[in-house]
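Down below is the structure, laid out as structure tokens.
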Amino acid sequence: MEGITDETKKTMKKILADIQDGTFAKEFLLDMSEAGGQVHFQAMRKLHAEHPSEKIGAEIRKLYSWNNESDKLINN
């Protein structure tokens, strides 16, 4: 497993700078506004929903008893 690289540190510093100078808040509020239409937010949700961990998570959640089926493998 790789550690934190110089590129990771550079990216984290850029994100912190965007938070500190208000860039992040401005972009977020614009995206969430009626004019922005949540384009960036919706794109990120779609991207993350397609991640392999989400597909596996959906299969695991089907196993739990809260789905109201008595033959579940995991009863809590």
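Values quoted throughout were computed directly from the atomic coordinates according to the rules given, and no laboratory measurement underlies them. Bear in mind that the values here come from a model prediction, so they are computed numbers and not experimental data. Here Cβ is always computed from backbone atoms with ideal geometry, including for glycine, and neighbour counts include all displayed protein chains.
Does the stretch 37-65 hold any residues that are among the charged types (D, E, K, R), under 30 Å from ALA25 (Cβ atoms) and assigned to a helix (DSSP H, G or I), and which are they?
Across the stretch 37-65, the qualifying residues are ARG45, LYS46, GLU54.
Output the residues belonging to the stretch 8-29 that are under 21 Å from the mean Cα position of the chain (by Cα) and acidic (Asp, Glu).
Correct list: ASP18, GLU27.
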